[in-house]
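Here is the structure we will look at, set down as structure tokens.
Just so it is clear, none of the values below were taken in a lab; they were calculated from the coordinates. Not measured: the values here are computed from a predicted model. Note: ideal-geometry Cβ built from the backbone for every residue, glycine included; neighbour counts use all protein chains shown.
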Amino acid sequence: MEIRVNPTRMELNRLKKRLKMAQRGHKLLKDKRDELIRQFLILVRKNKDLREHIEKELSDAFSKFLLARAVMPAESLEEALMYPTKKLSLEISKKNIMSVYAPKFEWAEEDSGRGEESSIYPYGFVETSAELDISIETLSDILPRLMELAEVEKAVQLLAEEIEKTRRRVNALEYVLLPKLEDTIKYITMKLEENERGALTRLMKIKDVVRAKMQ
Amino acid sequence: MSTYKIAVIGDKDSILGFKTIGVDTFSVTSSEAALQTLKRLVSDDYGVIFITEELARDLQDIIAELNKRYLPAVVLIPNSKGTLGIGIQQIKKNVEKAIGADILFRKEG
């Protein structure tokens, strides 16, 4: 498996330079991959824990909400929730993990300008059930971690993608380009040596012929 | 740095609560409607989209595509009937993709 080249000294020097470059690149990429994997493992563990917790808590909140739905007529429930007091806004900045850019979410609650003290409940307490209050409170408690989950999960996804790409490059260098270059270099050196030996034998042969003629 | 919005897509029972805490809610029932909504939200400036696992089940392709992008972040959440395990499954897939073998969940499975 070698590259088709002319077996000349110039070509040999060129290839040796290329080999050195490829080896350096290979080492760098390997280091990058290792560090990416380390970061990835930290994040993915966090991701798993967060998700497990949130799924449990969210299911909890939902079941409470269902309860609230059950004890209230659907219309008045919808009416109660029609105008939320809060509006979430999201600011996104970039976070750099080993030159992988992941979004970093910062969210803020804005009051929707009804001039009331900020309470998370958009309704009066007269017509609604206590279950509704509880479920909404749980939901708003979960929200910070839900955003954290979004952030971590996105980072994990992007990192996984980058690791796959890096690994593919490392392997391409290690198993294709490097052996190819090494083989070609070997081929040229051998060819050059062969030529040298050929020239030497030819010289000796000529010497013999010349000597025979002189006698 | 610009401001983005947060959305949640799901069935009515699961998402009504989100409305009160200030998240834009989109209630859909069929997966086609979910697909349309998701596409619309992606082209709008939504930074985080929560979607219930039940709906996401039929949209795995497009979600996998979105996951490679910088934004938006599509996050699966359980719905009021409980979790389907797709979210955890996704983490597992990520691990397999990055490491080549599943080293996080092996103990349990």
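Within segment A:12-22, identify whether any single residue is surrounded by 12 or more Cβ atoms within 10 Å (Cβ to Cβ), within 14 Å of chain B (Cβ to nearest Cβ) and either small (G, A, S) or part of a helix (DSSP H, G or I) (or both), and answer yes or no. Looking through segment A:12-22, none of the residues is surrounded by 12 or more Cβ atoms within 10 Å (Cβ to Cβ), within 14 Å of chain B (Cβ to nearest Cβ) and either small (G, A, S) or part of a helix (DSSP H, G or I) (or both).
If you go through segment A:28-61 and pick out every residue that is more than 19 Å from the chain's Cα centre (by Cα) and free of Cβ contacts under 8 Å to residues at least 24 places away in the same chain, you end up with 5.
Taking segment A:153-197 as the range and being in contact (Cβ under 8 Å) with a residue 12 or more places away in the chain and among the small types (G, A, S) as the test, the residues that pass are A:A155, A:A160.
When the residues of segment A:132-172 are filtered to those that are of a type outside the set (A, V, I, L, M) and facing another protein chain (nearest Cβ under 7 Å), the one that is nearest to B:Y4 (Cα to Cα) is A:K154. Listed by position, the helices (runs of 4 or more DSSP H) inside segment B:13-89 whose residues that are free of Cβ contacts under 8 Å to residues at least 24 places away in the same chain number at least 2 are B:31-43, B:60-67.
For segment B:47-59, the criterion of a residue being surrounded by fewer than 17 Cβ atoms within 10 Å (Cβ to Cβ) and more than 26 Å from A:W107 (Cα to Cα) is satisfied by at least one position. Does segment B:72-87 contain any residue that is out of contact with any Ser or Thr (no Cβ under 6 Å at 6 or more places or on another chain), at positive phi and facing another protein chain (nearest Cβ under 10 Å)? Yes, the conditions are met somewhere in segment B:72-87.
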